[in-house]
1. Residue under question is residue 48, and the condition is that it be more than 27 Å from residue 119 (Cβ to Cβ) and at pLDDT 55 or above; does it hold?
2. Of all residues in segment 44-76, how many are open to solvent by 70 Å² or more (accessible area, probe 1.4 Å), touching a residue at least 12 places away in the same chain (Cβ under 8 Å) and over 12 Å from the mean Cα position of the chain (by Cα)?
3. Which of the numbered conditions does residue 83 fail, given that it passes all the others? Conditions: (1) polar (S, T, N, Q); (2) over 14 Å from residue 28 (Cα atoms); (3) open to solvent by less than 50 Å² (accessible area, probe 1.4 Å).
4. Return the residues of segment 62-78 that are assigned to a helix (DSSP H, G or I) and β-branched (Val, Ile, Thr); say none if nothing qualifies.
Amino acid sequence: MRTYKGFLAVVLLTAISMSSTYAQANSIRDITSHKYALENLITGIHSENDGVRRNSIYFAGYYKIVEAEDALIAQLKKEKDSSTRILIALVLYELGSEEGLFEVKDLSLNDKDAKVRRMAVQIYNEYLVNATQGTAFIGQ
């Protein structure tokens, strides 16, 4: 079972790194000209409805909306659902900012859920490897 989880983490991170290699961060204005689009996205990220919240977080990562970073970091700090915390960490990785990745590192060291810590370690290690083009890891 442990090998399967490790394999799954490697496959997930490989897919993430391949997709982020070819994409760049966007402004919400690159996606739509709707004047309330960013406000609506941020409201969705902070929504009490789990589905709306997860879809908004996913949307911010899929389109790499840099203006959503502060809202994502704020939501990460108060998010109760472990799967959603992992999703936010993946989106912050996709956005690629140092502040967001610092929060992912903090998550890897301090989260109460072992699964979240494990995934955050893998996400942050992937960032370190891509940033240094070498092998730099934080401890598991």
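The values are calculated or read from the model by the stated rules, or taken from the named source; none is laboratory data. It should be emphasised that the depicted structure is a prediction, and the values quoted were computed from it without experimental measurement. Neighbour counts run over all protein chains shown; Cβ positions are idealised from the backbone, glycine included. Heavy atoms of the whole protein, side chains included, go into the accessibility calculation; ligands, DNA and RNA do not. Shrake-Rupley method; radii C 1.70, N 1.55, O 1.52, S 1.80 Å.
1. Criteria not met by residue 48.
2. 2
3. (3)
4. 66, 73
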